[in-house]
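Let me begin by presenting the structure, written as structure tokens, before commenting on it.
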Amino acid sequence: MSAGFYPKLALSGIKKNSRLYTPYILTCTGMVLMYYIISALSMSPTVAALRGGDTIMSFLQFGCGVIAVFSLIFLFYTNSFLSRRRKKEFGLYNILGMGKLNIARILFWETVISGGGSIIAGGILGIALSKFAELALINIMHEDINFTLSVSWRSLLNAAGLYCIIFLLIFLNTLRHIHASKPIELLHSENTGEKPPKANWIVGILGAVILGMAYYIAVTIGNPLEALVWFFIAVIMVIIGTYMLFIAGSVLFCRILQKRRRYYYNPRHFVSVSSMVYRMKRNGAGLASICILATMVLVMISATASLYFGEEDALKSRYPMDINFEAQMESIEAMDEANIESMRKEAESICSDYGAIQQNLHDYRRASVAGMIKEGILETDVSVVNEFELMSFNNVYQVYFIPLSDYNRMMNENETLDDGQVLIYTIRRDYDENFLNISGGNSFTVKRHLDSFIGSGSAAMNIIPSMFVIVNNLQTDLEGLIGRTAPNGNDMLNLSWIYEFDTQIEPEQQTLLNNEIHERFRQIQKSEDTLGIRYSYSESLAENRSSFYATFGGLFFLGILLSIVFIFAAVLIIYYKQVSEGYEDESRFEIMQKVGMTRKEIRKSINSQLLTVFFMPLITAGIHLCFAFPIIQKLLMMFSLNNTALFAWTTVISFALFAVLYTIVYKITSNAYFTIVSGAKEE
């Protein structure tokens with residue numbers, strides 16, 4: 001036997017099964033391409049030189065890991081379609097005298113040809129397209145474009161090594177299946193039906209319950225901290241519930257259709273329903289996989305697109321003014337008006353040196369503490385709160401106490417408070433009580449719940465709800481909290497002076513002004529007359545804009561790339577589902593054509609079958625997305641994005657575009673199915 005016999009036989013097998021192998025090889029090529037691009041960008045000197053480049057590179061490195069794990073799982077999954085179709089061919093080889101060792105050699109060369117070709121093609125295309133990806137990322141980042149082309153040999157070697165290992169594992173897994181099968185089993189593998197899963201009602205009801213629990217978690221989330229804790233639990237529950245519901249639901253759905261005699265005993269529906277019953281379990285698993293991938297794409301692209309298009313809103317929420325200065329004070333005595341006036345004059349002097357005109361000034365004292373508010377009682381001592389209560393994140397607040405005089409000056413109000421009265425304003429969670437009692441401290445009556453208050457960068461950054469409490473006097477009204485220490489030994493009450501303003505100067509000058517303020521107050525801290533400052537820091541909106549662009553732009557870019565990968569995966573599953581079912585149904589439709597079924601009637605029967613089940617994953621993904629909306633919205637708040645309308649519109653547009661793409665895929669794959677099942681009688 002010549003040395004080239006097995007490679008020729010393998011190449012011939014690939015060509016004869018081009019309808020199966022071509023999409024598989026293209027997908028493998030796409031996976032290699034995407035991995036190389038993301039890996040190359042994560043090591044690119046150009047990306048590293050960008051402002052916020054470190055943030056982007058960390059996102060891209062995470063993306064490499066996601067694609068590596070997904071490639072392993074998905075390529076194993078799709079290869080099972082190839083294996084199922086080729087078993088009959090290998091069984092024939094076996095019966096004609098070819099041993100399993102010979103079949104293993106054929107499989108080896110098929111793996112070398114398909115896998116090696118995918119790695120080479122993916123690497124070449126990755127090198128060619130990586131620059132376009134880099135330009136797209138730089139454009140998203142609003143940076144200057146560099147047209148220098150470079151090749152990341154390390155990324156190329158990483159991609160080749162990773163996918164060589166994946167293809168080797170796939171090859172070994174295929175050998176395992178061939179070795180464990182008898183020739184007659186291989187020969188008749190395509191005709192082997194699947195028994196419906198036992199206890200369908202139990203599986204279906206349990207799946208619905210798990211899915212309902214996940215939906216309940218998603219819609220009842222109270223704040224971003226809860227969303228962060230429960231999000232991944234809810235995701236796992238949705239995946240499990242979806243698979244159980246689709247697998248059991250497809251069985252029950254087919255049985256219901258069979259019991260409807262007027263529907264079932266119809267040339268248009270009879271073959272399609274009986275075909276679905278034959279492969280009901282696998283059909284449900286495939287539909288569930290499509291649904292999960294569709295949901296992943298919709299969640300990812302809608303969330304990251306909202307962050308990208310809402311980055312200016314989020315930036316302004318996090319940094320309300322051009323300059324945002326905070327001085328943390330050593331004691332309540334250091335927050336007297338004379339001391340504050342000295343710091344105010346120092347800041348005004350620096351602004352004058354830079355020609356900055358202060359506008360929209362926020363100048364106020366603030367005392368803050370984190371605690372749990374339950375039934376109107378603020379408890380700040382963690383030691384008296386049991387573990388179960390700590391898990392109730394809805395009751396945890398960051399509370400900011402502000403003196404009435406500062407509130408009136410900032411808001412241009414003339415509000416008055418009697419002893420024991422307060423004004424309250426909350427962010428991210430309502431507070432409906434008409435009183436507030438500090439455990440071990442003073443008790444207050446809520447005079448009024450405020451409808452609006454100034455923006456606060458620290459409140460926007462918090463992942464727990466914030467409460468602003470306007471009191472008559474910090475020293476007298478907070479006497480029960482002053483001097484308390486936390487378990488780490490620090491003062492429980494954080495005393496600060498906030499000084500924020502717009503400048504009317506250029507962004508570069510704003511950065512210089514911000515640095516000067518930070519340095520001047522750092523020197524004051526080191527001097528003998530510290531003005532009671534324990535620590536101070538100043539943040540510039542202009543200086544932090546690049547880091548926001550890096551975070552949001554990097555997430556959006558990664559979301560696009562991963563969405564493309566997941567869309568490829570969903571399309572391939574849909575295609576293989578249609579093609580494999582087409583080959584399985586070919587004999588049935590051939591019989592129906594022999595007894596008089598026309599091609600037009602075949603088309604109607606196919607449309608009946610596909611429309612019955614094909615759009616179920618899309619509809620279910622839309623339902624998943626609707627219930628996921630509240631929890632994703634809370635997660636976006638962690639990025640200071642509070643624009644619910646923007647997220648809603650982005651979600652709707654993302655779903656609409658995906659639905660159009662899904663319909664196009666339906667049209668293409670239904671034609672492939674029709675070509676297979678109607679080919680026996682074509683003239």
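The values are calculated or read from the model by the stated rules, or taken from the named source; none is laboratory data. Remember, it's a predicted structure, so these values are computed and weren't measured experimentally. Note: ideal-geometry Cβ built from the backbone for every residue, glycine included; neighbour counts use all protein chains shown.
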Kindly indicate whether any position in segment 57-64 is among the hydroxyl-bearing types (Ser, Thr, Tyr), at pLDDT 80 or above, farther than 28 Å from His177 by Cα and not in a helix (DSSP H, G or I). no
Of all residues being part of a helix (DSSP H, G or I) and at pLDDT 65 or above in segment 368-398, which is farthest from the chain's Cα centre (by Cα)? Just the residue, please. Asn395
Please find, among Met296, Met343, the residue that is in contact with a helix residue (DSSP H, G or I) (Cβ under 7 Å, 6 or more places away or on another chain), assigned to a helix (DSSP H, G or I) and touching a residue at least 24 places away in the same chain (Cβ under 8 Å). Met296
Considering only residues that are of a type in the set (D, E, K, R), more than 30 Å from Gly480 (Cβ to Cβ) and out of contact with any Lys or Arg (no Cβ under 8 Å at 6 or more places or on another chain), look in segment 311-347 and name the one that is surrounded by the fewest Cβ atoms within 10 Å (Cβ to Cβ). Lys345
Restricting the search to segment 500-521, which residues are touching a residue at least 40 places away in the same chain (Cβ under 8 Å) and acidic (Asp, Glu)? Glu500, Asp502, Glu516
Between a first residue in segment 3-24 that is in the same structural domain as Gly115 (by TED's automatic domain parsing) and a second residue that is of a type in the set (D, E, K, R) and surrounded by fewer than 19 Cβ atoms within 10 Å (Cβ to Cβ), which pairs have beta carbons less than 6 Å apart while being 6 or more apart in sequence or on different chains? Tyr6/Arg105
Please go through (1) surrounded by fewer than 23 Cβ atoms within 10 Å (Cβ to Cβ); (2) out of contact with any helix residue (DSSP H, G or I) (no Cβ under 6 Å at 6 or more places or on another chain) for Ile350 and return the number of the only condition it doesn't satisfy. (2)
Restricting to segment 510-564, and then to whatever is among the basic types (Lys, Arg) and part of a helix (DSSP H, G or I), can you tell me which residue is surrounded by the fewest Cβ atoms within 10 Å (Cβ to Cβ)? Lys526
Whether any residue in segment 673-682 is aliphatic (A, V, I, L, M) and either under 19 Å from Ala570 (Cβ atoms) or at pLDDT 85 or above (or both) is what I want to check. no
Which of the residues spanning segment 419-450 are at positive phi and surrounded by fewer than 14 Cβ atoms within 10 Å (Cβ to Cβ)? Gly440
